[in-house]
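One structure is given here, and the rest of the page talks about it.
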2 protein chains.
Amino acid sequence: MALIVKKFGGSSVATPDKMRAIVQRVLKGKKPEDKIVIVVSAMGDTTDDLVTLAKQITSKTYGREMDMLLTTGEQVSIALMAMAFQEAGQKAISFTGAQAGIKTSDSFNKGRILALKPGRIMKALDQGNIVVVAGFQGITGHGDITTLGRGGSDTTAVAIAGAIHADVCEIYTDVDGVYTSDPRVVPNARKIEQITYGEMLEMAKLGAGVMQPRAVEMGSRFGVPIHVRSTFSEDEGTMIQEDCSMEVKQYLIRGVASDKNVAKITVLGIPNKPGFAYRVFAELAEKHVDVDMIVQSVRIANEGVTDITFTIARTDLEQAKAVFANLRKEMPVEDILIDDKMAKVSVVGAGMAGHPGIAAGMFGVLGDNGINIEIISTSEISITCLIAEDVIDKAVKAIHAHFFDED
Amino acid sequence: MALIVKKFGGSSVATPDKMRAIVQRVLKGKKPEDKIVIVVSAMGDTTDDLVTLAKQITSKTYGREMDMLLTTGEQVSIALMAMAFQEAGQKAISFTGAQAGIKTSDSFNKGRILALKPGRIMKALDQGNIVVVAGFQGITGHGDITTLGRGGSDTTAVAIAGAIHADVCEIYTDVDGVYTSDPRVVPNARKIEQITYGEMLEMAKLGAGVMQPRAVEMGSRFGVPIHVRSTFSEDEGTMIQEDCSMEVKQYLIRGVASDKNVAKITVLGIPNKPGFAYRVFAELAEKHVDVDMIVQSVRIANEGVTDITFTIARTDLEQAKAVFANLRKEMPVEDILIDDKMAKVSVVGAGMAGHPGIAAGMFGVLGDNGINIEIISTSEISITCLIAEDVIDKAVKAIHAHFFDED
C-alpha cells in the first residue's frame, strides 16, 4: 500500500477535459489499496480573474476579504475534481483547507501553517475515498479563511504529506523536474534526479521557480520526499529528499540559479552609532520588506558615519521607498541610492563546503566575461553574486558551462 | 437605534457598479447607531454558470460536491460587498454561512436551518461593522457545507433577523412588493401594503413567486416583520407581519395566486385495502416528491378497488415516473394516468373563514367562463382549484376582477 499526496497546479486543472485527464492518470496508476490525496489550485486564470474583479471594487486588494474572495477559486476546483472522480466510478470527497484541518496564523494573504489535524482526511481515506483538498488555504483559530501566499498549494501538499506520513508528495508541474539551470536560458541544462532539501531550498530561494522555498522547508521539517514531475509525461522527475545516492553526493555543485527580482539600495552617511542601522532594517521588516544581501562599509576618512548597501525584492521597492521617505524625516542620512537594474546569480551544492575552488571558479568566470561583482554572499552550500541585470543570462550560461560542461 | 437585516438577490449584486449602488443606498439610509446585516446571493448568473460547469464534468449535479461548488458564488459576493463598504469608508466584514453560525441538517442541496448562533455577527456589529453574510448556505454538525435550496437566501436573511432579534428583515427584489396577483397576468393587480404570515405563506405555497414559503414560515416562527421592497426605488413595499391594521383585516381575500408547475396523476384500480394507497405516497415521499391535492374515489360497482388522483410538481414528474415503474412491478393497479398540462388557481385571505360566499363566488366565475374544475382543495385561508393549464391566465384574470374590481 502506498500513501501518496499529488498536487496539481492551476494550468493542470484549467478545464473539465484537463481534470478528466488527471482522473484517468491517477486511477491508472492507483493500486486498489493505495490511498491518495489530491491537492489542487484554482482553475487556470481564476485567481487573476478574481483579482481583476476585486480591483473594480477596491484599491485595497489585500487583507481578510481578499482571502475570502480568492479561496473560492480552489473551492470550485476541488468540487469539480471530486465530481470527476465520482463520474469515473471512484469514491471521492473534497475538503476546503478548513475541513482538511489546516490551521494557520492570523496573517491574511500569507498565512503560515501552524498545525494540521488530518483526522478527517484519514477517515475519508479509510472509507475508500480519494480525498481532494483545496491548496493555498487554511483557517485561523478564529475561524477566518486565510491564504498561504505565493506557491501556497505546494505548501499545502507537503504539509498534508507530512501530517499523514505519506510515502511521497508528488508535485505535478509543466516542467518535468528541477534543472541545473533554467532551460530557457541554458539550453543544455540537465534534469537533476535527486537533490537534498537544503540544496533545493537554496536553489528555490535564489530564484529557481519550480518549488517555493516554504514548501521545501516544510518537506525537510517533516522528512517528506518530494517528487517534482511533469503533468504531461510519465517520466521520473526530480526527487527532493534528505539522503541522496552516493553518486549524487559526489557532485560539488548542483545548479546555477538566477533572480532578476532584485533592487540594490545604498544608504549613504548613516550615523555610525548603535541603533541607526538597526532602525533602517526594523522599519523595513515592519512593512514586510525582506532584506537580503547586506554590506556595511565604514569610511576611513569620516568615522562618524557609515554607508550600508543591501538588496531587496524589486517588487517591494514601492513599499521600501515609503519607508525611506519616513526615515529621512527622522534620521540624518546623506543620500539613499536605488538601483533597480540588478540581478543575482548563484551556484548551489552541498558538496562545495571545503572546496574553495568553487568560489574562485565562479569569480574567475565572471571576471573573464567582464562582469563586475557588486556584492558577494555565501552560505554553507551556496555562493551568490550581485551583478547588473543586463548581463545575468550571459553570467548564468558561462557559470553553467564552467561547472557542468567540463565533467 | 435600529437593527436591520437587508437581503439583496443575485440581480441586485450582478456587477461591481450594482454593488456600489447598494453600498450608497445602505449608507444613505443608515443612522450612525444603526446596526446592519446584509445578506447577498451569488452575482447575476454565477450559480447557473457553475451548474453549467458541473454538467461538463458529471451527470450527478446534486449531492455534497454540488453544494461545495455552488456556495463559492455567494462567497465571492460577500467578499466583494465587504470590500465595497470598506472602499466607501465603512467598516465591514464578510461571513460565510458557517462563520455566521448557520447550522443545517445533513441534507445537501436542501439543508434546513437547525440552529443559528449569532455570536460572531453580534460581536462584529458591536465593533461597528456592517456584516455581510452569504445567503443560501450553512454548515452541518460534521463541518460539511450545505445549501438551503431554492430561495435559500431569503431564508438566511429571515433566520438571522430572528436570531439577532432584528427590528425588520428587508427583502430587496426586482418587484416593489407583493401584489394581489401576478402583474404580468393581471395588469391592474394592486400592491399589498400589509399581509399576515399565514396569508403570505399560503400565497407563496400557491405560486406567488416573490417570497419562498420556508422564509415566510421562519419569519412567522420568530416573529420577524418582513418588508418586501424594490432594489430600485425608495417606495414602501409589502410588510409581512403577524398583526395587520384594522383596515387590512376587513379584506376577505388578499390575493389570487396561480401555479403552472403542476402535474395530475391518477392511479386506477388500487386494491382498496389498508396499506396500498399508503404505499404509493410513502415511496413518493422517500424520493422527495411532494404530493399536493389528493382525491380518493371508491367505485360503487367494484368495492375491491379504488382510484386515487393527486397532484405533484411537474418538475418532479421524472422522479415520480421511476417510482411508478417500480410500484407497478409489485402492486396490482389497473393503470396510472399522467396529465402534465394542469395548473392551480387559488384565492387567499384570512378573512374568508366563515364567508362561504367566497368559494361560491370563485366557482361561479370559473363556471361562467366555461372552465372545468378538476379538484378543489381548501385550507382555512385559501381555496384552490385544479384546472387546465391553457385557461389559467383567463381564470386568474376573471377571479381577480370578481374580487378586486367591484369594491
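The values are calculated or read from the model by the stated rules, or taken from the named source; none is laboratory data. Only a predicted model underlies this, so the values are computations on that prediction, with no experimental measurement involved. All Cβ positions, even for glycine, are placed from backbone atoms using ideal geometry, and neighbour counts span all protein chains on display.
Here residue A:1 passes the criteria (1) more than 23 Å from residue A:123 (Cα to Cα); (2) more than 9 Å from chain B (Cβ to nearest Cβ) except the one numbered (1). Is it fair to say residue A:51 is touching a residue at least 12 places away in the same chain (Cβ under 8 Å) and either surrounded by 22 or more Cβ atoms within 10 Å (Cβ to Cβ) or away from chain B (no Cβ under 14 Å) (or both)? When the stated conditions are applied, residue A:51 does not pass them. The set of residues in region B:156-170 that are surrounded by fewer than 24 Cβ atoms within 10 Å (Cβ to Cβ) and part of a helix (DSSP H, G or I) comprises B:162, B:163. Any residue in region A:193-206 that is closer than 28 Å to residue A:19 by Cβ and aromatic (Phe, Trp, Tyr)? For region A:193-206, residues closer than 28 Å to residue A:19 by Cβ and aromatic (Phe, Trp, Tyr): absent.
Of all the criteria given as (1) over 26 Å from residue B:317 (Cβ atoms); (2) at pLDDT 90 or above; (3) not small (Gly, Ala, Ser), the one not satisfied by residue B:249 is (2).
Scanning region B:287-315 for residues that are outside any strand (DSSP E or B) and either touching a residue at least 12 places away in the same chain (Cβ under 8 Å) or in contact with a helix residue (DSSP H, G or I) (Cβ under 7 Å, 6 or more places away or on another chain) (or both) yields B:287, B:288, B:289, B:290, B:303, B:304, B:313, B:314, B:315.
Considering region B:17-43, and only residues there that are within 12 Å of chain A (Cβ to nearest Cβ) and free of Cβ contacts under 8 Å to residues at least 40 places away in the same chain, the residue that is surrounded by the most Cβ atoms within 10 Å (Cβ to Cβ) turns out to be B:43.
Okay, residues lined up against (1) among the β-branched types (Val, Ile, Thr); (2) in a helix (DSSP H, G or I); (3) over 21 Å from residue A:200 (Cβ atoms):
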site: A:320; (1), (2), (3): no, yes, yes
site: A:324; (1), (2), (3): no, yes, yes
site: A:327; (1), (2), (3): no, yes, yes
site: A:332; (1), (2), (3): no, no, yes
site: A:336; (1), (2), (3): yes, no, yes
site: A:341; (1), (2), (3): no, no, yes
site: A:346; (1), (2), (3): no, no, no
site: A:358; (1), (2), (3): yes, yes, no
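Number of residues in region B:369-400 that are at pLDDT below 95, among the charged types (D, E, K, R) and closer than 24 Å to residue B:183 by Cβ equals 0. Being touching a helix residue (DSSP H, G or I) at 6+ places or on another chain (Cβ under 8 Å) and not in a helix (DSSP H, G or I) is a property that residue A:59 has. Going by what's in this entry, would residue B:245 be described as over 20 Å from residue B:41 (Cβ atoms), out of contact with any Ser or Thr (no Cβ under 9 Å at 6 or more places or on another chain) and in contact (Cβ under 8 Å) with a residue 24 or more places away in the chain? It is true that residue B:245 is over 20 Å from residue B:41 (Cβ atoms), out of contact with any Ser or Thr (no Cβ under 9 Å at 6 or more places or on another chain) and in contact (Cβ under 8 Å) with a residue 24 or more places away in the chain. Residues of region A:361-399 that are over 22 Å from the mean Cα position of the chain (by Cα) and within 26 Å of residue A:194 (Cα to Cα): A:361, A:362, A:395, A:397, A:398, A:399.
For region B:361-407, filtering for residues that are among the polar types (S, T, N, Q), closer than 21 Å to residue B:265 by Cα and in a loop (DSSP other than H, G, I, E, B) leaves 1. Among the residues of region A:1-18, those identified as of a type outside the set (Gly, Ala, Ser) and closer than 19 Å to residue A:176 by Cα are A:4, A:5, A:6, A:7, A:8, A:13, A:18.
For region A:161-173, state whether one or more residues are touching a residue at least 24 places away in the same chain (Cβ under 8 Å) and touching a Ser or Thr at 6+ places or on another chain (Cβ under 6 Å).
Yes: region A:161-173 contains one or more residues that are touching a residue at least 24 places away in the same chain (Cβ under 8 Å) and touching a Ser or Thr at 6+ places or on another chain (Cβ under 6 Å).
Taken over region B:297-332, the criterion of being polar (S, T, N, Q), surrounded by fewer than 18 Cβ atoms within 10 Å (Cβ to Cβ) and under 22 Å from the mean Cα position of the chain (by Cα) is satisfied by B:315, B:319.
State yes or no: is residue B:348 touching a Gly at 6+ places or on another chain (Cβ under 9 Å), at pLDDT below 90 and of a type in the set (A, V, I, L, M)?
Numbers: touching a Gly at 6+ places or on another chain (Cβ under 9 Å): yes; at pLDDT below 90: no; of a type in the set (A, V, I, L, M): yes.
In short, no.
Among residues of region B:121-155 being at positive phi, surrounded by fewer than 24 Cβ atoms within 10 Å (Cβ to Cβ) and away from chain A (no Cβ under 12 Å), the one that is nearest to the chain's Cα centre (by Cα) is B:151. In the set (1) in contact with a helix residue (DSSP H, G or I) (Cβ under 8 Å, 6 or more places away or on another chain); (2) farther than 15 Å from residue A:65 by Cβ, the condition left unmet by residue B:80 is number (2).
Is one or more of the residues making up region A:252-262 surrounded by fewer than 22 Cβ atoms within 10 Å (Cβ to Cβ) and closer than 30 Å to residue A:330 by Cα? Within region A:252-262, one or more residues are surrounded by fewer than 22 Cβ atoms within 10 Å (Cβ to Cβ) and closer than 30 Å to residue A:330 by Cα. Only residues that are of a type in the set (A, V, I, L, M, F, W, C), outside any strand (DSSP E or B) and facing another protein chain (nearest Cβ under 9 Å) were counted in region A:74-120, giving 9. Residue A:61 passes every criterion in (1) at pLDDT below 95; (2) more than 14 Å from chain B (Cβ to nearest Cβ); (3) out of contact with any Asp or Glu (no Cβ under 8 Å at 6 or more places or on another chain) apart from (2).
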